[in-house]
Amino acid sequence: MTSARIVDAMRKCASEKAVFDSAQPALFPSRVPEGKHLQVVCALIERGGRVLVAQRSRAKAQGGKWEFPGGKLHEGESPQDALAREIREELGIAIRVCSPLSASTHDYGDFSITLLPFLCMIEAGEPAATEHEAIAWCTPDQLDSVDWAEADVPVFEEYVRELNRRSAKR
């Protein structure tokens, strides 16, 4: 993705003012009982032609695998509010939540998760790995070689398709 395309996407994000209807059923599947299924938000934070990825703590499930940062959706919390809270807690930055990608559900056997991914941009701060082993800025062509947590694979694949779609429109 060229830097001009990133700038265009960020301008679009800034102009959208991050207004979403959190009740959209296609984007936000209904909740199921805790323990069996978790709703998790994740941020695809774009900057300078790169996207931020985070390595999970080795002390957690899927430890050492890479993911898009985010976390669990709390009862009564909108996905956008949950994402802003989680990114503030995990990376110490403020973000603008721009536009959603498709929700993706993955079954790990003893539990399953639905990821609610959003394209985002940094509004304030510099990301720091406070809860992750490491963070890294990857170009779109580097994403295929990342050792992803299984649930994040469909998200990165859709993200790359979206970038290609944007590129084809130019």
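Some observations on this one:
- Looking across the stretch 61-77 at every residue that is without any contact (Cβ under 8 Å) to a residue 60 or more places away in the chain and under 15 Å from the mean Cα position of the chain (by Cα), the one that is nearest to Glu126 (Cα to Cα) is identified as Gly70.
- Failed condition for Ala84, given (1) within 14 Å of Gly71 (Cβ to Cβ); (2) without any contact (Cβ under 8 Å) to a residue 40 or more places away in the chain; (3) open to solvent by 40 Å² or more (accessible area, probe 1.4 Å): (3)
- Filter result for Ile87 (among the β-branched types (Val, Ile, Thr) and outside any helix (DSSP H, G or I)): no
- Any strands (runs of 3 or more DSSP E) falling wholly within the stretch 97-163 and containing at least 3 residues that are open to solvent by less than 50 Å² (accessible area, probe 1.4 Å): 112-124, 134-138
- Checked against the criterion of being among the charged types (D, E, K, R), open to solvent by 50 Å² or more (accessible area, probe 1.4 Å) and at pLDDT 90 or above, the candidates Lys72, Lys36 yield just one match: Lys72.
- The residue pairs whose first member lies in the stretch 48-60 and is closer than 13 Å to Ile122 by Cα, whose second member is of a type in the set (A, V, I, L, M) and modelled with pLDDT of 95 or more, and whose beta carbons are closer than 7 Å, counting only pairs six or more residues apart or on different chains, are Val51/Leu44; Val51/Ile45; Leu52/Ile45; Leu52/Ile135.
- Scope the stretch 123-154; condition under 18 Å from Pro100 (Cβ atoms) and in contact with an Asp or Glu (Cβ under 9 Å, 6 or more places away or on another chain); matching residues: Ala151, Asp152
- The set of residues in the stretch 39-69 that are open to solvent by 20 Å² or more (accessible area, probe 1.4 Å), over 19 Å from Pro140 (Cα atoms) and in a strand (DSSP E or B) contains only Val40.
The values are calculated or read from the model by the stated rules, or taken from the named source; none is laboratory data. The structure displayed is predicted, hence computed values, not measured ones. Virtual Cβ from ideal backbone geometry, glycine too; neighbours counted across all protein chains shown. We work out accessible area using only protein heavy atoms, side chains counted, and drop any ligands, DNA or RNA first. Shrake-Rupley method; radii C 1.70, N 1.55, O 1.52, S 1.80 Å.
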